[in-house]
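Structure first, commentary second.
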Amino acid sequence: MTKPIHVIGGGLAGSEAAWQTAEAGVPVVLHEMRPLVGTDAHQTDGLAELVCSNSFRSDDAETNAVGLLHAEMRRCGSLIMASGDANQVPAGGALAVDRDGFSAAVTARLKAHANVSIARGEVAGLPAADWDSVIVATGPLTSPALSQAILGLTGEGALSFFDAIAPIVHLDSIDMSVAWRQSRYDKVGPGGDANAYINCPMDRAQYEAFVDALIAGEKSEFREWENVPYFDGCLPIEVMAERGRETLRHGPMKPFGLTNEHDPQVKAYAVVQLRQDNALGTLWNMVGFQTKLKHGAQTEIFRTIPGLEGAVFARLGGLHRNTFLNSPRLLDRQLRLKADPRLRFAGQVTGVEGYVESAAVGLIAGRLAAAERLGRPIAAPPPTTALGALVGHITGGHLDAGAGSFQPMNINYGLFPPIVAPPRPEGKRAARKDAGRAKKRAIGQRALADLGAWLGEPVLEAAE
Ligand SMILES: Cc1cc2nc3c(=O)[nH]c(=O)nc-3n(C[C@H](O)[C@H](O)[C@H](O)COP(=O)(O)OP(=O)(O)OC[C@H]3O[C@@H](n4cnc5c(N)ncnc54)[C@H](O)[C@@H]3O)c2cc1C
């Protein structure tokens with residue numbers, strides 16, 4: 001008889017991982033600690049409980065990256081998507097669900113599956129030695145006992161308990177006729193590059209107005225139990241602004257060692273720097289701009305920065321309690337812990353963000369583990385798919401810029417390898433927005449074709 005795979009955590013990722021494993025014909029034991037041990041956010045004993053919003057976000061597979069991820073997951077027989085689809089509530093172009101119906105459906109289908117057993121109880125340390133294939137999907141609120149055990153394996157600094165997220169901007173939305181590339185004091189980095197940063201200049205009036213806006217901007221509150229400590233290295237930008245009007249100018253916005261190539265005679269009063277965030281060079285991180293400002297306030301205030309007036313944000317800033325691994329350093333492309341390859345990780349603990357992304361990584365981990373168990377190992381999905389783009393982010397796509405630089409991310413088009421935009425129709429000058437849409441559609445078509453090949457589906461000939 002095939003030995004079971006153990007999945008720890010019956011949330012979004014663990015439920016999907018267990019389903020994919022079971023569907024592949026491999027027995028699986030799903031360990032969930034609730035209701036015996038709770039978390040600070042979960043309220044029920046249901047599997048795949050949605051702890052906050054009831055939305056899976058946009059369902060538009062043509063022009064929205066999370067919609068494309070939905071489409072790919074449906075193609076892979078996702079339990080989370082099927083249960084979401086079956087429990088929809090009206091939400092325009094978004095997929096929103098009745099949370100109780102959704103969780104009940106996931107729980108019932110897993111309970112009814114012949115290859116699944118559900119074990120209630122905390123895994124309060126490293127998994128037993130005879131569990132030779134384990135998927136850890138314990139989420140942002142992994143129990144302290146298991147966190148400590150993982151920390152023992154990975155070492156200090158490899159497991160974070162809070163995220164400190166700075167906004168990330170799509171390169172092609174930065175106005176380079178205002179911003180310029182240069183490293184401070186033209187310092188050449190280890191890669192031989194003296195133009196590693198994108199710099200956005202501010203004069204004194206702009207800086208003063210910016211500081212005022214940060215102080216006045218609407219902030220999110222911490223939840224009572226979050227108790228997030230402010231480390232000096234990652235103070236929210238608005239907290240720094242509150243400490244003194246010059247603090248930012250001597251911190252993340254210092255103007256020194258930089259010359260504006262568009263106006264070399266004028267010294268900027270302050271400079272916002274962006275650093276390349278992914279190996280593809282499509283995403284740029286606003287250095288030092290972690291924040292508790294509400295998303296609307298962030299968009300409004302950060303678009304007053306010269307050069308970022310038209311910024312499209314791949315991710316906005318935040319600060320939360322969140323347990324996650326430094327996955328690019330710790331995991332291989334099979335999502336296995338290099339230090340102990342019997343352990344695979346899935347879900348938010350790998351450094352993705354959101355219900356759908358967490359379930360997506362569960363889906364991949366389940367398939368990889370089942371294939372390995374059956375002696376027919378498979379590669380992770382190709383990087384041109386939304387599923388593969390997520391694996392790319394957590395296993396190497398992110399450029400390491402020192403401690404704390406790897407932060408959780410939602411799926412977005414900046415994680416996909418670029419694609420040449422399809423030609424515009426003869427005689428018609430497509431607006432910039434249309435060109436952007438055409439590019440997203442092309443990325444989606446490529447993704448679904450490549451996913452089909454990964455799934456071993458026959459290639460369909462294009463209709464004549
Ligand atoms: C307060 C809060 C609000 C959020 N709001 C949103 C939102 O609105 N939208 C969104 O998309 N995302 C939101 N998120 C992120 C959300 O948690 C993740 O997107 C998603 O739930 C993560 O899925 P997961 O499977 O990785 O973890 P979870 O869904 O949290 O599942 C992990 C499971 O593991 C169990 N567990 C933990 N430790 C152990 C152990 N040692 N032994 C056995 N079981 C264990 C837990 O009980 C839990 O059931 C929020 C997160 C938090 C903390």
In vacuum, with every alpha carbon of the stretch 272-367 counted as one equal point scatterer, what does the Debye formula give for log10 I(q)/I(0) at q = 0.17 Å⁻¹? Two decimals, please.
-0.90
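When each pair of different Cα atoms in the chain is counted once in the 1/r mean, what is the Kirkwood radius in angstroms, to one decimal? Provide the component values of the computation, followed by the final result.
Details: mean 1/r = 0.0428 Å⁻¹.
Kirkwood radius, the chain: 23.3 Å.
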Residues of type aspartates and glutamates that K219 reaches as a straight line, Cα spacing below 15 Å, ignoring anything fewer than 8 places off in the same chain
E238, E242, E300
For the stretch 313-336 and the stretch 134-183, what is the centre-to-centre distance using only Cα atoms, to the nearest Å?
4
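Dividing the convex hull volume of the alpha carbon atoms of the stretch 165-226 by its residue count, what do you get in Å³ per residue? It would help to have the intermediate numbers written out before the result.
Working: hull volume 10.6 nm³, N = 62.
Once divided by residue count, the hull of the stretch 165-226 is 170 Å³.
Rounding to the nearest 20 debye, state how big the charge dipole of the chain is about its Cα centre with +1 on each Lys and Arg Cβ and -1 on each Asp and Glu Cβ. Spell out each step's value before the answer.
Values: 45 positive and 50 negative charges, 119 e Å.
That gives a dipole near 580 debye.
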Evaluate E = 1/(1 + (r/R0)^6) for S173 and M1, where r is the Cβ-Cβ distance and R0 equals 45 Å; express this FRET efficiency to the nearest 0.05.
0.25
Debye equation applied to the C-alpha atoms of the stretch 203-292, log10 I(q)/I(0) at 0.12, 0.17, 0.24 Å⁻¹
-0.46, -0.86, -1.27
In the stretch 361-384, which residues have a backbone nitrogen under 12 Å from the label point lying 7 Å from L153's Cα in the Cα-to-Cβ direction?
none
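Can you tell me the relative contact order of the stretch 323-440? Whole percent, Cα pairs under 8 Å, sequence separation 6 or more. Walk me through the intermediate numbers first.
Numbers: 141 pairs, mean separation 28.7, N = 118.
Here the relative contact order equals 24 percent.
Just rank L274, L448, fewest to most, by other beta-carbon atoms within 10 angstrom. Spell out each step's value before the answer.
Numbers: L274 27, L448 17.
Placing the least packed residue first, the sequence is L448, L274.
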Just check the stretch 184-256 against the gyration tensor rule for me: Cα atoms, a ≥ b ≥ c as the square roots of the eigenvalues, rounded for a/c under 1.5, and otherwise prolate or oblate depending on whether a/b exceeds b/c.
oblate
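Restricting things to alpha carbons, find the Rg to Rh ratio for the stretch 1-145 using the Kirkwood radius for Rh.
Details: Rg = 15.5 Å, Rh = 15.8 Å.
Ratio value, two decimals: 0.98.
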Neighbour-count ranking [beta-carbon atoms within 10 angstrom, fewest first] of W284, W131, W225:
W225, W131, W284
Separation of the R342 and Q43 label points, Cα + 7 Å toward Cβ, nm
3.9
Given R₀ = 25 Å, FRET efficiency for S405-K254 by Cβ-Cβ distance, to 0.05?
0.85
Specify, per residue and in Å³, the volume enclosed by the convex hull of the alpha carbon atoms belonging to the stretch 309-461.
136
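What value, in deg cm²/dmol to 500, does the helix sum -39500 (n - 2.57) over DSSP H runs of n ≥ 4 give at 222 nm once divided by the residues of the chain? Walk me through the intermediate numbers first.
Details: 12 runs with 137 residues, N = 464.
About -9000 deg cm²/dmol.
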Hey, got the Cα dimensions of the stretch 117-201 along the principal axes, in Å, largest first?
59, 27, 22
In Å, descending, principal axis extents of the Cα set of the stretch 1-77
42, 36, 13
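Rounded to the nearest 5, what % of the DSSP beta bridges within the chain are antiparallel ones? Intermediate values should be presented prior to the final figure.
Values: 31 of 47 bridges.
If we restrict to bridges inside the chain, about 65 percent are antiparallel.
Using the count of nearby Cβ atoms within 10 Å as a rough guide to exposure, how do T2, T259, T154 rank from fewest to most? Walk me through the intermediate numbers first.
Details: T2 11, T259 14, T154 18.
Arranged by neighbour count, lowest to highest, T2, T259, T154 become T2, T259, T154.
So what's the projected area for the stretch 106-146, the Cα convex hull averaged over all directions, in nm²?
On the way: hull surface 15.2 nm².
Directional mean of the projected Cα hull area for the stretch 106-146 stands at 3.8 nm².
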Specify the angular offset, from 0 to 90 degrees and rounded to the nearest 10, of the alpha carbon long axis of helix 204-216 from the longest principal axis of the alpha carbons in the chain.
40
Lysines whose Cα lies under 16 Å from that of K267, excluding same-chain neighbours fewer than 8 positions away:
K254
Theoretical gain in end-to-end length, A114 to V420 [0.36 nm per residue, Cα-Cα removed]:
105.5 nm
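FYI, it's all coordinate maths here, none of it is from the lab. Note that the structure is a prediction, hence the values are computed from the model and not measured. Virtual Cβ from ideal backbone geometry, glycine too; neighbours counted across all protein chains shown.
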